[in-house]
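Worksheet: the structure to be examined is printed underneath.
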Amino acid sequence: MFEPGFDQAEGLKRLFRPLTRVQWHVVAMGPVLVTAPLAMSLGRCLTEQGLDIGCDDPSGLLGPVPIAPASQPTTQVVITASRAGSDWQMDSLRRQSMLVIARPRPDELPALYAAIKRCDARLEQEPVQVVWDCARQGSDDESLRQLCEQNLVRTCQRFLDRHLQFSTVDDGAAEGDPAGIASLARTLSGGLINRLGLVAAVRPGFLN
């Protein structure tokens, strides 16, 4: 009935524990290249951990993706991929988390802050994940990125009391490097699982 070494008590707790349901907003700021491959890779990583994943694509960023639609009743995590400023809906029955993909450019920071502010009141008390798309940046890439991070952190902490965490996608990953995208997705999806205490759904055949 149970695999060798399986903790039966823990298994029964998981069986009857209400599922944590999450809406994960993946928001693209401007013409970033990595939104679709990163969102799909996030879905694959979460699926590999046994979670039921759905996808909502109101902005048409992803195209055909091998992820179940968000309307499935067993869905634990809905990945909502959208452009900043587009009309996406926040599911009131789900916990909300946010990942923003943006270019480290000072002129784009106001829109980036506005996107975070739009979701802030409904988000979990956890950092917003900001992924910098550094493709096609100039030689001052590093200093410009640091300046953007400092300004954005200061503004979000002062006005929203919201912390941020940053990741970077380099030129190779932005141009389709599957290893770079997959590595980042594993880190980001693992962080979501740990922060929100997500566990795989225990399916009906679990005790057979």
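No value in this document is a laboratory result; all are computed from the given coordinates. Note that the coordinates shown come from a computational prediction; the quantities given were computed from them, not determined experimentally. Every residue, glycine as well, gets a Cβ built from its backbone with ideal geometry; the counts of neighbours run over all protein chains shown.
Observations
- Using θ = phi - 60° in the Karplus curve 6.51 cos²θ - 1.76 cosθ + 1.60, the 3J(HN,Hα) couplings for region 56-62 round to 10, 10, x, 9, x, 7, 9 Hz; x is entered for Gly and Pro.
- Cβ-defined net charge surrounding Pro104, 9 Å radius [Lys, Arg +1; Asp, Glu -1]: -1
- Near Asp91: Cβ cut-off under 11 Å, other residues only, Lys/Arg at +1 and Asp/Glu at -1. The net charge is +3.
- Sites Lys117 and Glu48, calculated FRET efficiency, Cβ-Cβ separation with R0 30 Å, nearest 0.05: 0.35
- Highest average packing first - 35-41, 155-161, 113-119, 49-55, Cβ atoms within 10 Å: 35-41, 49-55, 113-119, 155-161
- Full extension of the chain segment joining Arg154 with Glu142 gains 2.5 nm, where the gain is 0.36 nm per residue of separation less the Cα-Cα distance.
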